[in-house]
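The values are calculated or read from the model by the stated rules, or taken from the named source; none is laboratory data. Remember, predicted model here, so these are calculated numbers, not experimental data. Neighbour counts are summed over all protein chains in view; Cβ atoms, including those assigned to glycine, are modelled from backbone coordinates with ideal geometry. With ligands, DNA and RNA removed, areas are computed over all heavy atoms of the protein, side chains included. Shrake-Rupley method; radii C 1.70, N 1.55, O 1.52, S 1.80 Å.
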Amino acid sequence: MRSRYSAFVLGLGEYLVATWHPDFLGELDAMTLSKQETQWDHLDILGSGEQGDQGWVEFRAWYREAGRLACLHERSRFVRDAGRWRYTEGDIIPLRAGRNDPCPCGSGKKYKKCCG
C-alpha cells in the first residue's frame with residue numbers, strides 16, 4: 001500500500017496500472033493516473049491482513065484541499081496474482097467527528113478548531 005500511495009504522490013501512473021488487477025482497472029490508464037491534481041500530505045496504515053491469495057489494507061491518506069487537511073479513509077482489497085499483490089477495489093469509510101471531538105488528523109485540537 002505504501003508503494004501505491006507513493007506512486008500517487010509522484011504521479012507514477014504506469015506503476016499504478018501494473019499493481020492494479022486488470023479486471024478492476026476499468027477505463028483508467030497510466031496517463032490518467034499520472035495526473036497530480038491532489039496535494040497529498042501523509043499516509044497512516046491502520047491495519048492489514050491476508051488469507052490465502054486475498055488481502056486487505058485499511059488506511060487514511062491525508063491531503064490538502066482549499067488549505068485544509070482532508071482524509072481518504074479506505075479499506076482496500078488485494079489479490080495475489082502471479083506472485084504479486086494487485087489492488088482490486090476498496091470501500092470508503094466516512095470519517096465521523098463531532099465538533100468537540102478530537103480532530104481525526106491527529107493535531108490534538110478539537111475538530112471544530114482544526115479541520116471542521
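A few points about this structure:
- Dipole of the chain, positive end: most advanced residue of Gly106, Cys71, Gln39 [Cβ charges, Cα centre]: Gly106
- Answer label, with Kirkwood radius over Cα pairs in Å calculated from the coordinates and candidates (i) 14.5; (ii) 18.7; (iii) 15.4: (iii)
- In the context of the full set of protein chains, the chain has a per residue accessible area of 65 Å² (1.4 Å probe).
- Residue ranking by accessible heavy-atom surface, 1.4 Å probe, largest first, among Trp62, Trp85, Trp20 comes out as Trp85, Trp20, Trp62.
- Accessible area ranking (1.4 Å probe, heavy atoms, ligands and nucleic acids excluded), largest first, for His42, His73: His42, His73.
- Solvent exposure, largest accessible area first (probe 1.4 Å, DNA, RNA and ligands not counted), of Glu58, Glu89: Glu89, Glu58
- Accessible-area composition of the chain, carbon plus sulfur, in percent [1.4 Å probe]: 47
- P(r) tail fraction, region 57-116 - alpha-carbon pairs more than 16 Å apart, %: 55
- Antiparallel %, DSSP beta bridges [both residues in region 1-109], to 5: 95
- Difference of contour (0.36 nm per residue) and Cα-Cα distance, Arg77 to Ala18: 19.7 nm
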